[in-house]
Amino acid sequence: MKNYHSNKRVLVTGGAGFLGSHLCEALLQRNCDVVCADNFFTGRRGNVAHLLDNPRFEILRHDVTFPLFVEVDEIYNLACPASPPHYQHDPVQTTKTSVIGAINMLGLAKRVGAKIFQASTSEVYGDPEIHPQTESYWGRVNPIGTRSCYDEGKRCAETLFFDYYRQNRVKIKVARIFNTYGPHMHPNDGRVVSNFIMQALRGEPITIYGTGQQTRSFCYVSDLIAGFLKLMASADEVTGPVNLGNPGEFTMLELAETVIKLTGSKSELVFKPLPSDDPKQRRPDITMAKAKLDWEPKVPLQEGLKHTIQYFKQYA
Ligand code: NAD
Ligand code: UDP
Ligand code: UDP
């Protein structure tokens, strides 16, 4: 049967979302057969519309909390809403997606002998006491707060990945992704980059939560996807967790000022309450990714924001 499948067959869960759609495109460019599985909770068919004519591309409406039986060589498990307003909309479903979704995809990987990648997150570090964050840091996460469905769901998924690795010798690749932005983010996604750009383009006030002194490190999507592919292609002993993100660190006030400058907007800043458990600072230590994957981001914030602003103009 192998003769009929000379190309690598890859499953991308959450493939119609922001990151998933870029990943599907990159995999097709590398001549993979791609199965995109998505329940369209936050993803959109429009994100993959340009791929639908490609005979190597297949899209399944599927919720990863239910078992899935397909024959593939590699799995990228990205299914999970990533924006706080979306993952807090149905928090029980968010935990189920991370935990039961991980069990199902690991069960699938075990059955077919596939390598499996997990889109984990810098949220596993919570509101961190050490800065920048290294992979050896265990994190400071509130187990019962409004962000817990996401943070603890992702932490439990990491546990499952490492237990399937130890117990069943499944080949795992765990990436801890720091804030990433770019085209295909949903205009109403609720995350800071899409909010600020849409507000600036519409001339609406820019909503700064808290004082705006909290920091984040923003990675452009093309850099991140290059990191995904390098991690998947790395030697079997490279399991991660490995941080993938851009170490450039900015306050939310700096981000707002940059967006205003690049859009030429007349929007003013308005200050809104800080959501609970909002981390004060976040910046990846990417020493491990540099050493093990020979990966580091290349696109500076201003350049990535210009591409993203261009994309969002159609929605303003
Ligand atoms: P997104 O919301 O655009 O994409 C998530 C996709 O998963 C959507 O297409 C959604 O419809 C789908 N989905 C949600 N629940 C599902 C379910 N039960 N079954 C099947 N599909 C489901 O978000 P994104 O930014 O593309 O994030 C992708 C992954 O990367 C997520 O797992 C997220 O936690 C992780 N991540 C993203 C970032 C970031 O900054 N973008 C940072 C850290 C981690
Ligand atoms: N599973 C799946 N697709 C497969 C194989 C397994 O969705 O191709 C699911 C299966 O339904 C199970 C989960 O993955 O709930 C975990 O599978 P595993 O074999 O690890 O555990 P078990 O079936 O023994 O509970
Ligand atoms: N934020 C903000 N205004 C917004 C949306 C978010 O000031 O309109 C802040 C938010 O409080 C957080 C940071 O921007 O401190 C990043 O928020 P996002 O939801 O993008 O991601 P996360 O908090 O998960 O890193």
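Values quoted throughout were computed directly from the atomic coordinates according to the rules given, and no laboratory measurement underlies them. Keep in mind that what you see is a predicted model, and the values were worked out from it rather than measured. Please note: Cβ atoms are built from the backbone with ideal geometry, for glycine as well, and neighbour counts cover all protein chains shown.
For the stretch 161-316, the alpha-carbon radius of gyration amounts to 1.17 times the rule-of-thumb value 2.2 N^0.38 Å expected for a compact globular protein. Here the stretch 233-293 is treated with +1 on each Lys and Arg Cβ and -1 on each Asp and Glu Cβ, and its dipole about the Cα centre works out to around 180 debye. Panel note: the C-alpha atoms of the stretch 123-220, placed on their principal axes, show extents of 55, 30, 25 Å (largest first). Mean residue ellipticity at 222 nm, helices only, the chain: -11500 deg cm²/dmol; runs of at least 4 DSSP H residues each add -39,500 (n - 2.57), and the sum is divided by the number of residues.
According to the calculation over all Cα-Cα pairs in the stretch 1-84, the P(r) per 5 Å bin from zero is 3, 16, 30, 24, 16, 8, 2, 1, 0 %. Kirkwood hydrodynamic radius computed over the stretch 89-144 comes to 13.5 Å, based on all pairs of distinct alpha carbons.
In plain terms, the bigger the Kirkwood radius, the slower the diffusion; for the chain, with that radius from Cα pairs, at 4 °C and 1.567 mPa s, Stokes-Einstein puts D at 65 µm²/s. Rg then Dmax, both in Å and based on the Cα atoms of the stretch 1-158: 16.3, 53.
Taking θ as phi - 60° and the Karplus parameters 6.51, -1.76 and 1.60, the scalar couplings of the stretch 274-280 work out to 6, x, 5, 6, 5, x, 7 Hz in sequence order, x denoting glycine and proline.
For the residue pairs K154/K306; K96/K173; K110/K290; K8/K171; K154/K230, alpha carbon separations beyond 27 Å are given by K154/K306; K110/K290. Divided by 2.2 N^0.38 Å, where N counts the residues, the Cα radius of gyration of the stretch 232-315 comes to 1.44. Working from label points 7 Å from Cα in the Cα-to-Cβ sense, the H131 to L52 distance is 4.6 nm.
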